[in-house]
Amino acid sequence: MSALSDNLVTFAILAYLVAMIGHAVEYALGNARTRVATAAPARELVGAGGVPTPSAPVPSPPTVDRSAGRARLAGLIGVGATAVAAALHLGALVTRGLAADRMPWGNMYEFVLTVTFIGVAAWLVVLWKRPSLRKLGLFLTLVMVLLVATAELVLYVPIVPLVPALNSYWFIIHVSTIVFASGIFLLGVVPAVGFLMRSGYEQGKRSFPYILAKRLPGAAGLERLTFALHAFAFPIFTFAVIAGAIWAEAAWGRPWGWDPKETWAFISWVVYAGYLHARATPSVKRNVATWIAVLGFLTVLMNLFGVNIFFTGLHSYGGLD
């Protein structure tokens, strides 16, 4: 089962890469439009008495740009490849859990695999509800390729039993909610960055990176999606932090000890709370609030990678030597 899980992760990375290429082709051809030729000049008919009588203009048939159809096909291939990759991704998690005889959340490798799966699964749900957002798939699949490949090439560790402190029902309650919230935050940062670029593009900025947003959906829609995802994830993240404190009381005799991971979880909570507060404040510009959301995800990455790699504490379960 362990070998099967490893192979499924490899195939999932390849499928995400195919999806990214499909979306990139659609993005490149996204300026295709159906061009309608101008009407042919009116022909004059000579009527009785030799007076010319103009006839109705004869329109030429519309010329359909084939690249528009090819762009749409490439986008649909990207979506299909993303769905296949998500299925392979889920299979890798399930087989990893079966091989370990536990939930596959015991180290950084497994945690990153689970967070990225939640992110892509949530993306497929969003795309099902709002197909017009398909061009965001290029950025989402790029994130998937980078994170899942990093997990496989850098963070991979063989299956080992859980450390004794994790053998508790709180392991499922706390980690499942923190993983789920982190996956939604991962998805939420994609439209957040897209909004910042698209907003600049709509204001006339044509330098890098704003020019990349030329074919993205409108800035207002991206901003609303950013808010909806963060508003959904934040209460779950709050519950996860509280559940962690309850578990810490049971395991270590204290609910909070400013352990590095606890500290950065609190920092993330404060930043995301600040984003939601700024978003609800009319005097705060939308781009300022969205930058706070991006900062929030950077603190999540710090908690996931930086704390496990550079710090030592009671939560040092990364699995890396």
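Quick check: is even one residue across region 201-211 under 22 Å from Glu26 (Cα atoms), of a type in the set (Phe, Trp, Tyr) and exposed (fewer than 14 other Cβ atoms within 10 Å of the Cβ)? Yes, some residue in region 201-211 is under 22 Å from Glu26 (Cα atoms), of a type in the set (Phe, Trp, Tyr) and exposed (fewer than 14 other Cβ atoms within 10 Å of the Cβ). Among the residues of region 233-240, is there at least one that is open to solvent by less than 30 Å² (accessible area, probe 1.4 Å), modelled with pLDDT of 85 or more and not hydrophobic (A, V, I, L, M, F, W, C)? Within region 233-240, none of the residues are open to solvent by less than 30 Å² (accessible area, probe 1.4 Å), modelled with pLDDT of 85 or more and not hydrophobic (A, V, I, L, M, F, W, C). So which pairs qualify, if the first residue must be in region 113-127 and more than 17 Å from Val94 (Cα to Cα), the second must be open to solvent by less than 20 Å² (accessible area, probe 1.4 Å) and in a helix (DSSP H, G or I), the Cβ gap must be under 6 Å, and the two must be at least 6 apart or on different chains? Close Cβ pairs satisfying both conditions: Ala122/Ile184; Ala122/Leu187; Trp123/Leu140; Trp123/Leu187.
Screening region 288-303 for residues that are at pLDDT below 95 and surrounded by fewer than 19 Cβ atoms within 10 Å (Cβ to Cβ) and picking the one that is nearest to Ala228 (Cα to Cα) gives Leu301.
Remark: Glu262 matches the filter, which requires a residue to be of a type in the set (D, E, K, R), surrounded by fewer than 22 Cβ atoms within 10 Å (Cβ to Cβ) and part of a helix (DSSP H, G or I).
For region 140-168, a residue qualifies if it is polar (S, T, N, Q) and surrounded by 21 or more Cβ atoms within 10 Å (Cβ to Cβ), and exactly one does: Thr141. Could you tell me whether any residue of region 171-190 is under 22 Å from Leu29 (Cα atoms) and not acidic (Asp, Glu)? Looking for residues that are under 22 Å from Leu29 (Cα atoms) and not acidic (Asp, Glu), one finds at least one in region 171-190, hence yes. Scan region 55-67 and give yes if some residue there is of a type outside the set (Lys, Arg), modelled with pLDDT of 55 or more, under 20 Å from Leu136 (Cα atoms) and under 25 Å from the mean Cα position of the chain (by Cα), otherwise no. Among the residues of region 55-67, not one is of a type outside the set (Lys, Arg), modelled with pLDDT of 55 or more, under 20 Å from Leu136 (Cα atoms) and under 25 Å from the mean Cα position of the chain (by Cα), which makes the answer no. What number goes with the only condition from (1) without any contact (Cβ under 8 Å) to a residue 60 or more places away in the chain; (2) touching a Gly at 6+ places or on another chain (Cβ under 6 Å) that Leu186 does not pass? Here Leu186 clears every test but (1).
Matching residues to (1) open to solvent by 20 Å² or more (accessible area, probe 1.4 Å); (2) part of a loop (DSSP other than H, G, I, E, B); (3) hydrophobic (A, V, I, L, M, F, W, C):
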position	(1), (2), (3)
Leu127	no, no, yes
Ser132	yes, no, no
Trp170	yes, no, yes
Val175	no, no, yes
Ile178	yes, no, yes
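Per the listing Ala92, Ala151, Ala121, Ala99, the residue uniquely over 25 Å from the mean Cα position of the chain (by Cα), modelled with pLDDT of 90 or more and part of a helix (DSSP H, G or I) is Ala99. Does Thr281 satisfy being under 23 Å from Ser199 (Cβ atoms), open to solvent by less than 60 Å² (accessible area, probe 1.4 Å), more than 20 Å from the chain's Cα centre (by Cα) and among the polar types (S, T, N, Q)? Judged against the criteria, Thr281 is a match.
The values are calculated or read from the model by the stated rules, or taken from the named source; none is laboratory data. This one's a predicted model, so the numbers in the text were calculated from it and none came from an experiment. Positions of Cβ are backbone-derived with ideal geometry, glycine not excepted, and every protein chain shown enters the neighbour counts. For accessibility, only protein heavy atoms count, side chains too; no ligands or nucleic acids. Shrake-Rupley method; radii C 1.70, N 1.55, O 1.52, S 1.80 Å.
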